[in-house]
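The values are calculated or read from the model by the stated rules, or taken from the named source; none is laboratory data. Note that the structure is predicted; figures quoted are calculated from it, not measured. Methodologically, a virtual Cβ is constructed for each residue, glycine included, from the backbone with ideal geometry; neighbour enumeration extends over all protein chains shown.
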């Protein structure tokens, strides 16, 4: 995966004209000073937003995961419930036929 990422970055550097490519090294820092000049925008007075706060990030991830799990359960139920119903009705018919056949063969 890392190799694909590196190859993608190298391809972007070869393909995109230099004046249209904003190459930022995160080690050098990331802020308005690096982004705004490239976009021909004035540097805002407010502080550049820092990274995600762990608690807020966790809350967002938890919400997304819960939504995905709920959707997966609904999709599964949409397939499983009718399937179980069909199997149940079919097995009842088979069981009834088998039981009747056995009952007829018994002599008391």
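Quick notes on this structure:
- Among (1) in a helix (DSSP H, G or I); (2) over 28 Å from the mean Cα position of the chain (by Cα), the one test that residue 48 misses: (1)
- Residues being loosely packed, with under 10 Cβ neighbours inside 10 Å and either under 26 Å from residue 19 (Cα atoms) or modelled with pLDDT of 90 or more (or both) - total across the range 29-48: 6
- Residue check: residue 71 meets all listed conditions (1) exposed (fewer than 10 other Cβ atoms within 10 Å of the Cβ); (2) at pLDDT 90 or above; (3) over 30 Å from residue 9 (Cα atoms) but one, namely (1).
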